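Below is one structure; the comments refer to it alone.
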Amino acid sequence: MTVTATTVGLDTVVDAGDGALVTVPAGGRLRIVDLYGNQAVDTLFYDAHDIDNRYSAFDTIREQRAVFLTTGSRLLSTRLDELAVITDDTCGRHDTVGGACSQESNVIRYGESTRHQHACRQTFLRYGAQAGIGQRQLTHNINFFMNVPVTPDGGLTFEDGLSAPGKYVELTASRDLLVLISNCPQINNPCNGWNPTPIQLLGWW
Amino acid sequence: MSHTHELPAAAAWSAPVRAGRTVRLTALGDNANASVLIVGADRLDRLNIPDTLKSQMSARIKPGMVLMSDRGQALATVLDSTLDWHDCLTGALPGRLLLLELTKHGFGEADLHGCINFFSKVAVSDSASLEFVPGHATAGDSVTLRADQDLLIFISTTPHALSDLPGAGVAVQIETPEHTEDPELREEAQRALRLTRELIA
(Lines give C-alpha, C1' and ligand atoms only; values in the text may rest on other atoms or scores of the structure.)
Protein backbone atom coordinates (compact mmCIF):
# COMPACT_ATOMS: atom_id res chain seq x y z
CA MET A 1 0.00 0.00 0.00
CA THR A 2 1.03 3.61 -0.59
CA VAL A 3 0.03 6.17 1.96
CA THR A 4 -0.31 9.87 1.29
CA ALA A 5 -0.39 12.26 4.21
CA THR A 6 -3.42 14.52 4.31
CA THR A 7 -4.56 17.31 6.58
CA VAL A 8 -6.86 14.86 8.34
CA GLY A 9 -3.92 12.60 9.19
CA LEU A 10 -3.64 8.90 8.74
CA ASP A 11 -5.36 5.71 9.86
CA THR A 12 -4.44 2.55 7.99
CA VAL A 13 -3.54 -1.07 8.55
CA VAL A 14 -0.37 -2.61 7.08
CA ASP A 15 -0.69 -6.34 6.61
CA ALA A 16 2.00 -8.74 7.78
CA GLY A 17 4.74 -8.78 5.18
CA ASP A 18 3.55 -5.60 3.47
CA GLY A 19 5.10 -2.14 3.69
CA ALA A 20 4.37 1.56 3.49
CA LEU A 21 5.99 4.86 2.56
CA VAL A 22 4.51 7.66 4.66
CA THR A 23 5.19 11.38 4.42
CA VAL A 24 5.07 13.01 7.85
CA PRO A 25 5.31 16.81 8.01
CA ALA A 26 7.43 18.54 10.66
CA GLY A 27 5.52 18.48 13.94
CA GLY A 28 3.34 15.57 12.81
CA ARG A 29 2.86 12.62 15.14
CA LEU A 30 3.02 9.09 13.77
CA ARG A 31 1.84 6.22 15.96
CA ILE A 32 2.68 2.61 15.12
CA VAL A 33 0.35 0.16 16.86
CA ASP A 34 1.32 -3.49 17.38
CA LEU A 35 -2.26 -4.74 16.90
CA TYR A 36 -1.69 -8.38 17.86
CA GLY A 37 1.60 -8.12 19.78
CA ASN A 38 5.07 -9.55 19.16
CA GLN A 39 5.44 -8.02 15.70
CA ALA A 40 8.68 -6.41 14.48
CA VAL A 41 8.21 -3.24 12.45
CA ASP A 42 11.34 -2.44 10.42
CA THR A 43 11.53 1.30 9.85
CA LEU A 44 13.79 3.81 8.09
CA PHE A 45 13.61 7.62 8.22
CA TYR A 46 14.71 10.12 5.57
CA ASP A 47 14.69 13.91 5.39
CA ALA A 48 11.87 14.37 2.87
CA HIS A 49 13.85 17.06 1.04
CA ASP A 50 17.21 15.25 0.94
CA ILE A 51 17.20 11.47 1.24
CA ASP A 52 20.99 11.42 1.83
CA ASN A 53 20.19 12.97 5.21
CA ARG A 54 18.83 9.76 6.68
CA TYR A 55 18.50 7.86 9.91
CA SER A 56 21.80 6.60 11.33
CA ALA A 57 21.47 3.80 13.87
CA PHE A 58 25.02 4.03 15.17
CA ASP A 59 25.09 7.84 15.43
CA THR A 60 21.81 7.58 17.35
CA ILE A 61 23.21 4.90 19.69
CA ARG A 62 26.51 6.70 20.27
CA GLU A 63 25.16 10.20 20.92
CA GLN A 64 22.70 8.89 23.52
CA ARG A 65 24.97 6.18 24.96
CA ALA A 66 22.10 3.72 24.74
CA VAL A 67 21.62 0.57 22.69
CA PHE A 68 17.82 0.59 22.90
CA LEU A 69 15.31 3.25 21.91
CA THR A 70 12.37 4.42 24.03
CA THR A 71 10.48 7.57 25.07
CA GLY A 72 12.79 10.55 24.77
CA SER A 73 15.15 8.94 22.25
CA ARG A 74 16.17 11.30 19.49
CA LEU A 75 16.50 9.71 16.09
CA LEU A 76 19.57 11.27 14.47
CA SER A 77 20.74 11.43 10.89
CA THR A 78 24.18 10.80 9.38
CA ARG A 79 24.66 14.59 9.70
CA LEU A 80 23.56 14.46 13.36
CA ASP A 81 20.34 16.30 12.54
CA GLU A 82 17.34 15.32 14.67
CA LEU A 83 14.82 13.59 12.41
CA ALA A 84 12.25 12.66 15.04
CA VAL A 85 11.78 12.08 18.75
CA ILE A 86 10.01 9.12 20.35
CA THR A 87 7.38 10.98 22.37
CA ASP A 88 5.33 8.03 23.63
CA ASP A 89 6.06 4.34 24.06
CA THR A 90 3.96 1.73 25.80
CA CYS A 91 6.31 -1.13 24.89
CA GLY A 92 9.47 -0.04 26.73
CA ARG A 93 12.30 -0.51 24.31
CA HIS A 94 13.02 -1.00 20.63
CA ASP A 95 15.97 -2.48 18.76
CA THR A 96 18.21 -0.64 16.31
CA VAL A 97 21.12 -3.12 16.14
CA GLY A 98 19.49 -6.14 14.50
CA GLY A 99 18.92 -4.70 11.02
CA ALA A 100 16.43 -5.92 8.45
CA CYS A 101 16.07 -9.44 7.10
CA SER A 102 16.96 -10.00 3.48
CA GLN A 103 16.76 -13.01 1.20
CA GLU A 104 20.54 -13.27 1.34
CA SER A 105 20.90 -12.99 5.11
CA ASN A 106 18.14 -15.57 5.49
CA VAL A 107 20.23 -18.00 3.42
CA ILE A 108 23.24 -17.35 5.66
CA ARG A 109 21.28 -17.85 8.85
CA TYR A 110 18.68 -20.46 7.98
CA GLY A 111 19.88 -22.19 4.82
CA GLU A 112 19.24 -22.24 1.10
CA SER A 113 15.60 -23.28 1.49
CA THR A 114 14.73 -19.77 2.72
CA ARG A 115 16.18 -17.89 -0.29
CA HIS A 116 12.86 -17.04 -1.89
CA GLN A 117 10.95 -16.22 1.24
CA HIS A 118 9.57 -12.73 1.66
CA ALA A 119 12.06 -10.39 3.39
CA CYS A 120 12.16 -6.81 4.70
CA ARG A 121 14.85 -5.39 2.44
CA GLN A 122 12.82 -6.38 -0.61
CA THR A 123 9.81 -4.57 0.88
CA PHE A 124 11.99 -1.50 1.55
CA LEU A 125 13.16 -1.49 -2.07
CA ARG A 126 9.64 -1.93 -3.42
CA TYR A 127 8.12 0.95 -1.43
CA GLY A 128 11.23 3.13 -1.45
CA ALA A 129 11.56 3.19 -5.24
CA GLN A 130 8.89 5.86 -5.62
CA ALA A 131 11.02 8.25 -3.52
CA GLY A 132 14.33 7.37 -5.20
CA ILE A 133 15.37 5.13 -2.31
CA GLY A 134 17.44 2.27 -3.73
CA GLN A 135 20.02 -0.21 -2.52
CA ARG A 136 22.58 2.50 -1.66
CA GLN A 137 20.02 4.43 0.36
CA LEU A 138 19.05 1.45 2.54
CA THR A 139 20.82 1.66 5.85
CA HIS A 140 20.69 0.13 9.32
CA ASN A 141 17.12 0.51 10.54
CA ILE A 142 14.98 0.52 13.66
CA ASN A 143 13.02 -2.60 14.59
CA PHE A 144 10.12 -1.26 16.61
CA PHE A 145 8.83 -3.78 19.19
CA MET A 146 11.74 -6.17 18.56
CA ASN A 147 13.83 -7.52 21.43
CA VAL A 148 17.52 -8.04 20.66
CA PRO A 149 19.39 -8.06 23.98
CA VAL A 150 23.03 -6.97 23.92
CA THR A 151 24.91 -8.40 26.88
CA PRO A 152 27.85 -6.97 28.87
CA ASP A 153 30.10 -9.71 27.45
CA GLY A 154 29.30 -8.52 23.92
CA GLY A 155 26.78 -11.21 23.04
CA LEU A 156 23.67 -10.67 20.98
CA THR A 157 20.53 -12.78 20.86
CA PHE A 158 17.02 -12.65 19.49
CA GLU A 159 14.38 -13.04 22.15
CA ASP A 160 10.65 -13.21 22.31
CA GLY A 161 9.20 -9.74 22.05
CA LEU A 162 8.29 -7.51 25.00
CA SER A 163 5.30 -6.19 23.17
CA ALA A 164 1.64 -7.15 23.53
CA PRO A 165 -1.60 -6.52 21.62
CA GLY A 166 -2.34 -2.80 21.37
CA LYS A 167 1.06 -1.55 22.50
CA TYR A 168 2.32 1.37 20.48
CA VAL A 169 5.18 3.74 19.85
CA GLU A 170 4.65 7.35 18.82
CA LEU A 171 7.10 9.62 17.03
CA THR A 172 7.02 13.37 16.52
CA ALA A 173 8.72 14.54 13.34
CA SER A 174 11.40 17.18 13.83
CA ARG A 175 11.41 17.98 10.11
CA ASP A 176 9.51 16.84 7.02
CA LEU A 177 10.11 13.10 6.87
CA LEU A 178 9.72 10.08 4.67
CA VAL A 179 9.07 7.02 6.81
CA LEU A 180 9.73 3.71 5.07
CA ILE A 181 8.16 0.71 6.79
CA SER A 182 8.42 -3.03 6.28
CA ASN A 183 6.04 -4.95 8.50
CA CYS A 184 8.40 -7.87 8.91
CA PRO A 185 7.44 -11.26 7.43
CA GLN A 186 10.26 -13.15 9.18
CA ILE A 187 9.12 -16.61 10.30
CA ASN A 188 12.48 -18.21 11.12
CA ASN A 189 13.20 -16.55 14.47
CA PRO A 190 11.13 -15.30 17.42
CA CYS A 191 11.12 -11.63 16.32
CA ASN A 192 7.47 -11.94 15.24
CA GLY A 193 6.57 -14.71 17.67
CA TRP A 194 6.83 -17.06 14.64
CA ASN A 195 3.59 -15.52 13.35
CA PRO A 196 3.73 -12.17 11.49
CA THR A 197 0.65 -10.00 12.10
CA PRO A 198 -0.78 -6.66 10.86
CA ILE A 199 0.03 -3.26 12.37
CA GLN A 200 -1.87 0.03 12.40
CA LEU A 201 -0.46 3.42 11.47
CA LEU A 202 -2.12 6.49 12.95
CA GLY A 203 -1.08 10.03 12.09
CA TRP A 204 -2.00 13.48 13.35
CA TRP A 205 -0.93 16.52 11.36
CA MET B 1 54.03 -9.00 -2.38
CA SER B 2 53.91 -6.80 0.67
CA HIS B 3 52.94 -3.20 1.09
CA THR B 4 52.93 -1.18 4.28
CA HIS B 5 51.40 2.24 4.76
CA GLU B 6 51.49 4.15 8.00
CA LEU B 7 48.56 6.44 8.74
CA PRO B 8 49.20 9.12 11.34
CA ALA B 9 46.42 9.88 13.83
CA ALA B 10 43.44 11.82 12.45
CA ALA B 11 44.08 10.79 8.86
CA ALA B 12 42.24 8.72 6.27
CA TRP B 13 43.31 6.35 3.53
CA SER B 14 41.76 3.84 1.20
CA ALA B 15 43.06 0.92 -0.81
CA PRO B 16 41.82 -1.75 -3.18
CA VAL B 17 42.70 -5.18 -1.83
CA ARG B 18 42.66 -8.28 -3.99
CA ALA B 19 40.86 -11.43 -2.88
CA GLY B 20 43.13 -13.68 -0.85
CA ARG B 21 45.43 -10.95 0.44
CA THR B 22 45.65 -10.18 4.12
CA VAL B 23 45.33 -6.76 5.71
CA ARG B 24 47.07 -6.36 9.03
CA LEU B 25 46.33 -3.26 11.09
CA THR B 26 48.82 -2.46 13.85
CA ALA B 27 48.35 0.25 16.47
CA LEU B 28 51.29 2.66 16.37
CA GLY B 29 50.47 4.05 19.80
CA ASP B 30 48.12 3.70 22.77
CA ASN B 31 44.43 4.43 22.21
CA ALA B 32 44.66 4.02 18.45
CA ASN B 33 41.38 3.79 16.57
CA ALA B 34 40.77 2.69 12.99
CA SER B 35 37.25 3.27 11.67
CA VAL B 36 36.87 0.98 8.68
CA LEU B 37 34.29 0.84 5.88
CA ILE B 38 34.43 -2.00 3.34
CA VAL B 39 32.89 -2.18 -0.14
CA GLY B 40 32.78 -5.44 -2.11
CA ALA B 41 33.98 -6.38 -5.56
CA ASP B 42 30.94 -4.98 -7.41
CA ARG B 43 31.38 -1.54 -5.76
CA LEU B 44 27.81 -1.64 -4.47
CA ASP B 45 27.71 -4.39 -1.88
CA ARG B 46 28.85 -3.00 1.48
CA LEU B 47 29.78 -4.23 4.94
CA ASN B 48 26.53 -4.81 6.83
CA ILE B 49 27.13 -4.66 10.59
CA PRO B 50 23.69 -5.95 11.71
CA ASP B 51 23.85 -8.98 9.40
CA THR B 52 27.43 -9.68 10.50
CA LEU B 53 26.47 -9.52 14.17
CA LYS B 54 23.19 -11.37 14.22
CA SER B 55 24.40 -14.27 12.09
CA GLN B 56 27.29 -14.80 14.49
CA MET B 57 25.43 -13.92 17.71
CA SER B 58 27.94 -11.27 18.71
CA ALA B 59 27.71 -7.54 19.41
CA ARG B 60 31.46 -7.03 18.93
CA ILE B 61 34.00 -7.92 16.24
CA LYS B 62 36.53 -10.57 17.27
CA PRO B 63 38.74 -13.25 15.66
CA GLY B 64 36.84 -16.05 13.98
CA MET B 65 34.17 -13.80 12.49
CA VAL B 66 33.34 -13.28 8.84
CA LEU B 67 32.48 -9.69 7.89
CA MET B 68 29.34 -9.93 5.76
CA SER B 69 27.83 -7.67 3.14
CA ASP B 70 24.34 -6.29 2.50
CA ARG B 71 23.83 -9.17 0.10
CA GLY B 72 25.02 -12.04 2.24
CA GLN B 73 28.55 -12.25 0.88
CA ALA B 74 31.71 -12.84 2.88
CA LEU B 75 33.84 -9.71 2.44
CA ALA B 76 36.65 -10.52 4.86
CA THR B 77 37.51 -12.93 7.65
CA VAL B 78 39.04 -11.80 10.94
CA LEU B 79 41.92 -14.30 11.08
CA ASP B 80 43.43 -13.19 14.35
CA SER B 81 43.82 -10.26 16.71
CA THR B 82 45.57 -9.42 19.94
CA LEU B 83 42.24 -7.94 21.09
CA ASP B 84 38.97 -9.83 21.33
CA TRP B 85 36.73 -6.77 21.21
CA HIS B 86 36.51 -4.23 18.40
CA ASP B 87 33.60 -1.77 18.60
CA CYS B 88 31.02 -1.82 15.84
CA LEU B 89 27.95 -0.29 17.52
CA THR B 90 28.84 3.37 17.74
CA GLY B 91 29.95 4.36 14.24
CA ALA B 92 32.28 7.21 13.39
CA LEU B 93 31.57 10.89 13.87
CA PRO B 94 30.02 12.25 10.68
CA GLY B 95 33.21 11.62 8.88
CA ARG B 96 34.46 14.36 6.66
CA LEU B 97 37.66 12.37 6.29
CA LEU B 98 35.88 9.15 5.43
CA LEU B 99 33.51 11.02 3.11
CA LEU B 100 36.41 12.64 1.27
CA GLU B 101 38.04 9.25 0.88
CA LEU B 102 34.78 7.77 -0.44
CA THR B 103 34.49 10.63 -2.91
CA LYS B 104 37.86 9.72 -4.44
CA HIS B 105 36.32 6.45 -5.58
CA GLY B 106 33.07 7.93 -6.88
CA PHE B 107 31.07 7.24 -3.74
CA GLY B 108 29.13 9.76 -1.68
CA GLU B 109 27.15 10.39 1.46
CA ALA B 110 24.76 7.52 0.70
CA ASP B 111 27.70 5.16 1.13
CA LEU B 112 28.50 6.20 4.73
CA HIS B 113 27.38 2.89 6.24
CA GLY B 114 28.02 1.23 9.58
CA CYS B 115 31.74 0.89 10.28
CA ILE B 116 33.99 -1.09 12.60
CA ASN B 117 36.10 0.86 15.09
CA PHE B 118 39.10 -1.44 15.30
CA PHE B 119 41.10 -1.17 18.57
CA SER B 120 38.22 0.53 20.43
CA LYS B 121 35.92 -0.96 23.05
CA VAL B 122 32.63 0.51 24.17
CA ALA B 123 31.32 -1.51 27.10
CA VAL B 124 27.65 -2.37 27.39
CA SER B 125 26.13 -2.32 30.89
CA ASP B 126 23.34 -4.59 32.13
CA SER B 127 20.94 -1.76 31.34
CA ALA B 128 22.41 -1.51 27.83
CA SER B 129 23.96 1.90 28.36
CA LEU B 130 27.36 2.44 26.78
CA GLU B 131 30.69 3.53 28.14
CA PHE B 132 33.96 4.01 26.27
CA VAL B 133 36.79 1.94 27.76
CA PRO B 134 40.02 3.97 27.81
CA GLY B 135 43.32 2.18 27.41
CA HIS B 136 41.84 -0.81 25.56
CA ALA B 137 44.46 -0.77 22.80
CA THR B 138 48.15 -0.24 23.35
CA ALA B 139 50.97 0.21 20.88
CA GLY B 140 51.58 -3.00 18.94
CA ASP B 141 48.06 -4.39 19.17
CA SER B 142 46.99 -5.79 15.83
CA VAL B 143 44.20 -7.37 13.84
CA THR B 144 44.53 -9.37 10.61
CA LEU B 145 41.80 -9.63 8.00
CA ARG B 146 41.74 -11.80 4.90
CA ALA B 147 39.97 -10.38 1.85
CA ASP B 148 37.48 -13.02 0.69
CA GLN B 149 36.72 -11.10 -2.51
CA ASP B 150 38.21 -8.01 -4.16
CA LEU B 151 37.61 -5.15 -1.74
CA LEU B 152 37.86 -1.43 -1.32
CA ILE B 153 38.84 -0.61 2.25
CA PHE B 154 38.40 2.87 3.73
CA ILE B 155 40.26 3.64 6.96
CA SER B 156 40.08 6.69 9.22
CA THR B 157 42.33 7.10 12.25
CA THR B 158 40.20 9.84 13.78
CA PRO B 159 40.07 9.10 17.54
CA HIS B 160 36.94 7.27 18.66
CA ALA B 161 34.01 9.64 18.94
CA LEU B 162 33.50 8.80 22.63
CA SER B 163 37.17 9.14 23.56
CA ASP B 164 38.69 12.31 24.96
CA LEU B 165 42.22 10.87 24.71
CA PRO B 166 44.63 11.75 21.93
CA GLY B 167 44.53 9.04 19.29
CA ALA B 168 47.37 7.27 17.54
CA GLY B 169 48.25 6.18 14.04
CA VAL B 170 47.84 2.77 12.51
CA ALA B 171 50.10 0.79 10.16
CA VAL B 172 48.37 -1.07 7.35
CA GLN B 173 50.25 -4.02 5.92
CA ILE B 174 48.80 -5.74 2.85
CA GLU B 175 50.38 -8.96 1.69
CA THR B 176 49.77 -12.16 -0.22
CA PRO B 177 50.25 -14.96 2.27
CA GLU B 178 51.48 -18.33 1.09
CA HIS B 179 48.53 -19.99 2.72
CA THR B 180 45.89 -19.02 5.24
CA GLU B 181 43.46 -21.35 6.89
CA ASP B 182 40.02 -20.48 8.14
CA PRO B 183 39.96 -20.02 11.90
CA GLU B 184 37.25 -21.86 13.80
CA LEU B 185 34.08 -20.44 12.29
CA ARG B 186 30.38 -20.71 13.07
CA GLU B 187 28.25 -22.62 10.61
CA GLU B 188 26.73 -19.34 9.36
CA ALA B 189 30.19 -17.89 8.68
CA GLN B 190 31.24 -21.01 6.78
CA ARG B 191 28.05 -20.73 4.72
CA ALA B 192 28.80 -17.10 3.80
CA LEU B 193 32.32 -18.08 2.74
CA ARG B 194 31.12 -21.03 0.69
CA LEU B 195 28.46 -18.96 -1.10
CA THR B 196 31.02 -16.24 -1.86
CA ARG B 197 33.62 -18.68 -3.14
CA GLU B 198 31.01 -20.30 -5.40
CA LEU B 199 29.91 -16.93 -6.75
CA ILE B 200 33.38 -15.57 -7.52
CA ALA B 201 34.84 -18.90 -8.65
Give the interface area between chains A and B as buried accessible surface, both sides summed, probe 1.4 Å, in Å² to the nearest 100.
3800 Å²
Determine the dipole magnitude for the protein assembly as shown: charges of +1 sit on the beta-carbon of Lys and Arg, -1 on that of Asp and Glu, nothing else is charged, the reference point is the Cα centre, and the result goes in debye to the nearest 20.
440 debye
If I take every Cα pair under 8 Å that is 6 or more residues apart in chain B, average their sequence separation and divide by the length, what percent do I get for the relative contact order?
42 percent
Under 5 Å between amide H atoms, partner at least 5 residues away or on a different chain: which partners does A:S174 have, H built in plane at 1.01 Å?
A:G27, A:A84, A:V85
Exposure rank, largest accessible area first [A:W194, B:W85, B:W13; 1.4 Å]:
A:W194, B:W13, B:W85
Residue with peak Gaussian network fluctuation, chain A [Cα springs, cutoff 10 Å], from A:F68, A:F124, A:F158
A:F158
List, in order, the whole-Hz ³J(HN,Hα) value for each residue of region A:189-205 obtained from phi through the Karplus relation with A = 6.51, B = -1.76, C = 1.60 and θ = phi - 60°; use x for Gly and Pro.
9, x, 4, 10, x, 6, 8, x, 9, x, 10, 10, 10, 10, x, 10, 6
Given axes a ≥ b ≥ c from the Cα gyration tensor, I'd like to know whether region A:93-170 is rounded (a/c under 1.5), prolate (a/b larger than b/c) or oblate.
oblate
In whole angstrom, how long is each semi-axis of the equivalent ellipsoid of region A:3-127, when you take the square root of 5 times every eigenvalue of its Cα gyration tensor and sort them from largest down?
24, 19, 16
Lys, Arg +1 and Asp, Glu -1 on Cβ, resulting dipole of region A:17-204 about Cα centre, debye, nearest 20:
140 debye
To the nearest whole percent, what portion of all C-alpha pairs in region B:41-152 is separated by more than 18 angstrom?
55 percent
In region B:2-200, with Lys and Arg counted as +1 and Asp and Glu as -1 at Cβ, which of these residues, B:I155, B:G135, B:T90, has the Cα nearest the positive end of the dipole, that is, farthest along it?
B:I155
5 Å is the cut-off here: which amide hydrogens, built 1.01 Å from N in the peptide plane, fall below it relative to A:G19, excluding neighbours closer than 5 in sequence?
A:N183
Sorting A:A164, A:H94, A:P185 by the position of each Cα along the dipole of region A:64-205 (Lys, Arg +1; Asp, Glu -1; all at Cβ), the one nearest the positive end of that ordering is A:P185
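On a 1.4 Å probe surface of the protein chains, which of B:M1, B:M57, B:M65 comes out largest in accessible area, and what is the full order?
B:M1, B:M57, B:M65
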Using protein chains only and a probe of 1.4 angstrom, how many square angstrom of A:I51 are accessible, to the nearest 10?
40 Å²
Cut-off under 5 Å, modelled amide H: who pairs with B:R46 long-range
B:G40, B:D70, B:R71
Net dipole in debye of region B:2-200 [+1 Lys, Arg Cβ; -1 Asp, Glu Cβ; about Cα centre; nearest 20]:
320 debye
Report the Cα centroid-to-centroid distance between region A:117-172 and region B:1-55 in angstrom, as an integer.
27 Å
Using Cα positions and a limit of under 29 Å, work out the lysines in reach of B:K121, with same-chain residues fewer than 8 apart set aside.
B:K54, B:K62
Along region B:45-58, what does the Karplus equation 6.51 cos²θ - 1.76 cosθ + 1.60 (θ = phi - 60°) give for ³J(HN,Hα), rounded to whole Hz, x for Gly and Pro?
7, 10, 3, 10, 5, x, 5, 4, 6, 6, 6, 10, 6, 9
With every protein chain in place, the accessible area of B:I200 for a 1.4 Å probe, in Å² rounded to the nearest 10, comes to 90 Å²
Label point distance in nm, B:M1-A:D88, each placed 7 Å from Cα along Cα→Cβ:
6.0 nm
Which value, in Å to one decimal place, does the Kirkwood hydrodynamic radius take for chain B when every pair of different Cα atoms is included?
16.7 Å
Plugging the Cβ-Cβ distance of A:R136 and A:D15 into 1/(1 + (r/R0)^6) at R0 = 35 Å yields, to the nearest 0.05, a FRET efficiency of 0.80
What aspartates and glutamates sit close enough to A:K167 to cross-link, taking a C-alpha to C-alpha distance under 13 Å and skipping anything fewer than 8 places away on the same chain?
A:D34, A:D88, A:D89
Please identify, among B:A137, B:A128, B:A32, the residue showing maximal mean-square fluctuation in a Gaussian network model of chain B using a 10 angstrom Cα cutoff.
B:A128
Gaussian network model of chain B, springs between alpha carbon atoms under 10 Å - residue of B:E181, B:E109, B:E131 with greatest fluctuation:
B:E181
So what are the ³J(HN,Hα) numbers for region A:51-61, from phi and the Karplus equation (6.51, -1.76, 1.60; θ = phi - 60°), rounded to whole Hz, Gly and Pro as x?
5, 5, 8, 10, 3, 10, 4, 7, 5, 5, 5
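The values are calculated or read from the model by the stated rules, or taken from the named source; none is laboratory data. Quick caveat, the model's predicted, so the values are computed rather than measured. We place every Cβ from the backbone using ideal geometry, glycine too, and count neighbours over all the protein chains shown. Just so you know, the surface numbers come from the protein's heavy atoms only, side chains and all, with ligands and any DNA or RNA stripped out. Shrake-Rupley method; radii C 1.70, N 1.55, O 1.52, S 1.80 Å.
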